[in-house]
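Where a number appears in this text, it was derived from the coordinates with a stated rule and is not lab data. Note that the coordinates shown come from a computational prediction; the quantities given were computed from them, not determined experimentally. Cβ atoms come from the backbone with ideal geometry, glycine included; neighbour counts cover every protein chain shown.
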Amino acid sequence: MDDKERFALRKKLKELSKYRARHTELVSVYVPEGYDLQKVINQLSGELSLSRNIKSSSTRKNVSNALEKMLRGLKAYPKTPKNGLAAFAGNVSGKEGISDVNFWGIEPPEKMSVRKYRCDQTFLLEPLTEMIEVYDAYGIVILDRREAQVAILKGKTVSVIYSETSAVPGKYKAGGQSAARFARVREGLARAFYQKVADVVNLEFDSNVIKLKGIIIGGPGPSKEEFHNENFLNQDIKKNVIAVVDVGYSGEQGIAEVLDKSKEILAEESMIREKKATDRFFNILGKTPDLAAYGDENVKKASEMGAVELMLISDSKDEDTIEKFADLIESQRGEWIIISSISREGQTLDGLGGIGAILRYKINW
């Protein structure tokens, strides 16, 4: 999901989160990717029949109207969209006796595996909310000499894309020349296994395939260091490794352990990226102020001229403002980064209006 899709989805969820019914009258439906939409329509048709048994006349009317609106909305789709579908319907007038039944269909920007039907006082938004929190993708490699897993971490979701066991035998206890030969064979098999895993990592984590913010390598024992330190990984991939962590297990347990340890690593990475950007901005602002701009009007003017190389915008700005500036920067092929207002640098940026920019060239104000 790119920044533009993320902000558009967040804006829609913000709108939906404002609605609250007096009773359980708002309908939420989640259809996973690849699921037969007609089955969902059939289920909701059954729910519509059951809704006629609701005792309260006003609740019965609102639920029935919401389900009818939902059915009409879903039937407008020839089939389930490629990433799935989140749909919402209900009376959102907020005034007693006034009906304003609406339908919203949201095609998620990433594949959705959730299948849900809920009728409640509020819309069920958590599956989509979790999706917009999935901002940065990280690669994870867990290995020892026995097995390896390659996965992608997005937010709280881990997708294992490769799993392999090795042909490396256990340690040989006998001594002498046989033990030495066996050790050489074992070492050769281990290196072949590392290279096999590296080939997958080099292919799957290539920047032309997926944009990763970083790669974490983990595992028990020295295998992870051997894999990282020697020339198994391409240099571009190797440069993207942000941490090599020691865990007690390989396999799924190892992934879970890396995830637990990665929270601090990823938080620190995010802070480092922000600090590098703010340090660079304030350094330029102090030494060559003609190559920096700050405040809404100045940054907007510089952006419209195509002069902005990098925009820094505080998360204290409202989402509409962030989205507006982001669109403008992207249209001029510039880059942008959101700065946390909690940090010291973020607070200093807020003192300059919450927005700053590093310019490609000097402009005449």
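Listed values, structure above:
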item: Ranked by how many other beta carbons lie within 10 Å on average, peptides 303-315, 330-342 from highest; result: 303-315, 330-342
item: Ascending count of other beta-carbon atoms within 10 Å, so fewest first, for R360, R145, R22; result: R22, R360, R145
item: Estimated dipole of segment 3-133 in Debye, rounded to 20 [Cβ of Lys and Arg +1, of Asp and Glu -1, Cα centre]; result: 320
item: Mean residue ellipticity (222 nm) of the chain, computed from DSSP H runs ≥ 4 via -39,500 (n - 2.57), nearest 500; result: -15000 deg cm²/dmol
item: Among (1) 32, 28, 19; (2) 38, 22, 18; (3) 45, 35, 16, the entry that matches semi-axes √(5λ) of the Cα gyration tensor in Å as calculated here; result: (3)
item: Ranked list, fewest to most other Cβ atoms within 10 Å of each Cβ, for R6, R52; result: R52, R6
item: DSSP-defined antiparallel bridges as percent of all bridges, the chain, nearest 5; result: 70
item: Dipole of segment 3-133, positive end: most advanced residue of A21, L50, G97 [Cβ charges, Cα centre]; result: G97
item: Value of relative contact order over segment 3-133, rounded to a whole percent, pairs C-alpha under 8 Å and six or more apart; result: 39
item: Pairwise FRET efficiency - I272 versus K301, Cβ, R0 = 25 Å, nearest 0.05; result: 0.25
item: Nitroxide proxy distance, nm - points 7 Å out along Cα→Cβ at T165 and D246; result: 2.8
item: Fully extended contour minus Cα-Cα distance, from K287 to Q253, at 0.36 nm per residue; result: 7.2 nm
item: Dipole in debye (nearest 20) - segment 253-365, about Cα centre, beta carbon charges: Lys, Arg +1; Asp, Glu -1; result: 560
item: Sites D279 and N208 - FRET efficiency at Förster radius 25 Å, r taken between beta-carbons, to 0.05; result: 0.25
item: Relative contact order computed over the chain (Cα-Cα under 8 Å; 6+ residues apart), in percent; result: 13
item: Ordering of 216-227, 253-264 by packing [mean C-beta count within 10 Å, highest first]; result: 216-227, 253-264
item: Footprinting exposure proxy for L71, L189 (fewest neighbouring C-beta atoms within 10 Å first); result: L189, L71
item: Residues with amide H under 5 Å from that of D136, placed H, sequence gap 5 or more; result: G155
item: Cross-link partners of K12 among lysines (Cα-Cα below 23 Å; sequence separation of 8 or more within a chain); result: K4, K69, K75, K79, K82, K95, K111, K116, K154, K156, K317, K324
item: Total charge dipole magnitude, the chain, about the Cα centre, Cβ charges on Lys, Arg, Asp, Glu only, Debye to nearest 20; result: 960
item: Phi to ³J(HN,Hα) by Karplus 6.51 cos²θ - 1.76 cosθ + 1.60 over segment 224-239, Hz, x for Gly, Pro; result: 5, 5, 4, 5, 7, 6, 8, 8, 7, 8, 4, 4, 5, 5, 4, 5
item: Net length gained if the chain between I98 and R344 were fully extended (0.36 nm per residue, minus Cα distance); result: 83.6 nm
item: Segment 79-90 - phi-based ³J(HN,Hα) in whole Hz, Karplus 6.51/-1.76/1.60, Gly and Pro as x; result: 7, 5, x, 4, 9, x, 8, 10, 10, 9, 8, x
item: In nm, spacing of pseudo-spin labels at A180 and Q121 (7 Å Cα→C-beta vector); result: 8.0
item: Computed over segment 137-268: relative contact order in percent, which uses C-alpha pairs under 8 Å that are six or more apart; result: 28
